[in-house]
Every structure is written in C-alpha cells, then in structure tokens.
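The values are calculated or read from the model by the stated rules, or taken from the named source; none is laboratory data. Just so we're clear, the structure is a prediction, and the values are computed from it rather than from any experiment. In this analysis, Cβ positions are derived from the backbone assuming ideal geometry, glycine residues included, and neighbour counts consider all displayed protein chains. Ligands, DNA and RNA are stripped out before the accessible areas are found, and what is left, the full protein with its side chains, is counted by its heavy atoms. Shrake-Rupley method; radii C 1.70, N 1.55, O 1.52, S 1.80 Å.
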Amino acid sequence: MIEAKRHGDFGYLTLNRPAAHNALTRDAMAKIQAQLSAWQGDGLRAIILTGTGKSFCAGASLDDVANSDWAENPLTALCDAIEDFPAPVIAALNGGAYGGGVELALAADFRIGVSGMRACVPPAKLGIHYPPAGIARAIARLGSQTARRMFLLAESFDDSALLAAGFLDALVAPADLADRSAAMAEQIAGLAPLAVQGMKRTIVEMERGTLDAPAAKARIVAAFASDDHAEGLAAQRAKRKPIFTGR
C-alpha cells in the first residue's frame, strides 16, 4: 500500500489503500520509516507525501488498534521520523485527514490541501486518549486553543477552517494539487540545502524544547563557510539565479 520513488532531487511517498481511506497498518508504517531511513544522506531536497482516492489518511488501521495496547506507538515513531527527516516534507493532502492522519500531516513541514477536504481527530468519541506526542505536535503547529477544539471537542474542520487555523499553507482545486506541490518542492530546491536543512533542524528542536545550541551554532558556522554561501553572494552580485550544490 506504500509507493515510493525518487525523481531527481525529490522523493515521493504515496499511500495507496484508497478502499480503507489509506489507513495505515503497522507494516505500512514500518515501510515508510524504512524508506525514509534509506533516503537519509541521499541528497534529496524535498519529499512529497500524498495519498490516493478520496482521503489522504484515516490514521492507524482500526484492526491494528483493536489488537494492540499501543504502549509503543508506531504512528508516533513514524511522525517523528517524518519530522526528523533532514529535507523538508510537503504533505499533498488529496482528501480528508482523520485521527492519526491529522498527525501524519502535521509532522510534515508544509501542507497543501484540496477544496472540499475535512479533518478531524475522533479518539474522544471512541474512549481513546490520544498520545501526548501527537497532541504536542498539534499545539506546536496550531496553538493550544485549536488543539483543544481538535481533541476535546472532536471538531470537524472544513477546508476554509483548516486554512484559517494554519493547518494548511495553501488550498487548491484537486486538479491543481500535483502542480502546486511540485512548485513548492522546486522552490525549496532552489534554496541552499545546508541553510534550509540546518534551519529545519533548529525549528524542530525549538518546537520540542530540545535545542542543542552548540550544534545550531556549528550549523550556522558551516553555512557561512560553505561554497553555497559564496555562490549565493556571487549570484546576487551578478543578478543571476544561484546554483546550490549543498556544499
């Protein structure tokens, strides 16, 4: 149910279980993590994560939920892996996001949605306490009050509400999703990888309250000393587009 491919500077991950609204089994979650691990250090500039059918993702498969206490939550581990991936991840939301599918989207750096989509997190309707890591992710991205509406009211957000809440960075017609996602990936690819990836690491650590200040300083020093910094200055002087190599 997971399709993975690389095309040039970009990685593409597609959830392909439309009959089940792309609900994730433990095996599927493990496969996505394995693919992310395989792409580590591969020079990717961005990843596009999307789904097939009417929904982006309905979270964890109910069969897996019913047959496990989830003391060690594989969805949390997967979302952490997406959040920790060096290059930015774009969630191209082809449809609704439900339950853990909302967290999966929030783990990405950017989210582009389609008109008509909805999102909700219904664990309170099922007597389930959502894992703290996922709640923290929602608070970090959306703020505590929107997180309250999402988790304590089990509120369903339509496309305009998702855009207003900052859940979506852009809202497009379904036919435009692939092009808009590719354009964002190309925009990222035109920037200096050391700077982008270093700042992503800093943002993630600051959100988590785990900033390694010496490591962040080392990233700053490395960026200033990089060939890409010299290229950026040269391109600015020559009034041309820079060509960054990640060195």
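What a 1.4 Å probe finds exposed on the range 25-134 is 54% carbon and sulfur by accessible area, rounded to a whole percent.
What order, most packed first, do the peptides 43-49, 123-129, 80-86 have when packing is the mean number of other Cβ atoms within 10 Å of each residue? Can you show the working numbers first?
Values: 43-49: 21.7, 123-129: 11.1, 80-86: 19.1.
The densest-packed peptide leads the list: 43-49, 80-86, 123-129.
What number comes out for the charge environment of Lys217, summing +1 per Lys or Arg and -1 per Asp or Glu over other residues with Cβ under 13 Å away? Net local charge, Lys217 excluded: 0.
Ignoring ligands, DNA and RNA, what accessible area per residue does the range 118-247 give at 1.4 Å, in Å²? List each step's numbers first, then the result.
On the way: 7660 Å² over 130 residues.
So the range 118-247 comes to 59 Å² accessible per residue, rounded to a whole number.
Here's the list of lysines a cross-link from Lys31 could span, going by alpha-carbon distance under 18 Å and ignoring same-chain residues fewer than 8 apart: Lys5.
Please express the shape of the chain as an equivalent ellipsoid: the semi-axes are the square roots of 5 times the eigenvalues of the C-alpha gyration tensor, given largest first in whole angstrom.
Values: eigenvalues 203, 77, 63 Å².
Semi-axis lengths for the chain are 32, 20, 18 Å.
Rounded to the nearest Å, what's the spacing between the alpha carbon centres of the range 1-57 and the range 195-247? Just the number, please. A separation of 27 Å, based on Cα centres.
Okay, helix-only estimate at 222 nm for the chain: each DSSP H run of n ≥ 4 adds -39500 (n - 2.57), divide by all residues, round to 500 deg cm²/dmol; what do you get?
Values: 11 runs with 116 residues, N = 247.
Value at 222 nm, helices only, nearest 500: -14000 deg cm²/dmol.
Computed from the alpha carbon positions, the gyration tensor of the range 11-55 leads to an equivalent ellipsoid with semi-axes of 22, 13, 5 Å, biggest first. One quarter of the surface of the convex hull around the alpha-carbon atoms of the range 121-247 equals 10.7 nm², the direction-averaged projected area. Leaving out same-chain residues fewer than 8 places away, which lysines sit with a Cα under 16 Å from that of Lys200? In chain and number order, the partners are Lys217. For the range 43-123, relative contact order (Cα pairs under 8 Å, six or more residues apart, normalised by length) works out to 37 percent. The tail of the calculated P(r) for the range 1-106 beyond 22 Å holds 24 percent of all Cα-Cα pairs. Ellipsoid semi-axes for the range 193-247, based on the Cα gyration tensor and the rule √(5λ), read 26, 11, 8 Å when sorted largest first. When restricted to Cα atoms, the range 97-172 yields an Rg and a Dmax of 11.3, 35 Å, respectively.
So what is the relative contact order for the chain, in percent, with contacts set as C-alpha pairs under 8 Å and at least six apart?
Values: 428 pairs, mean separation 38.7, N = 247.
16 percent.
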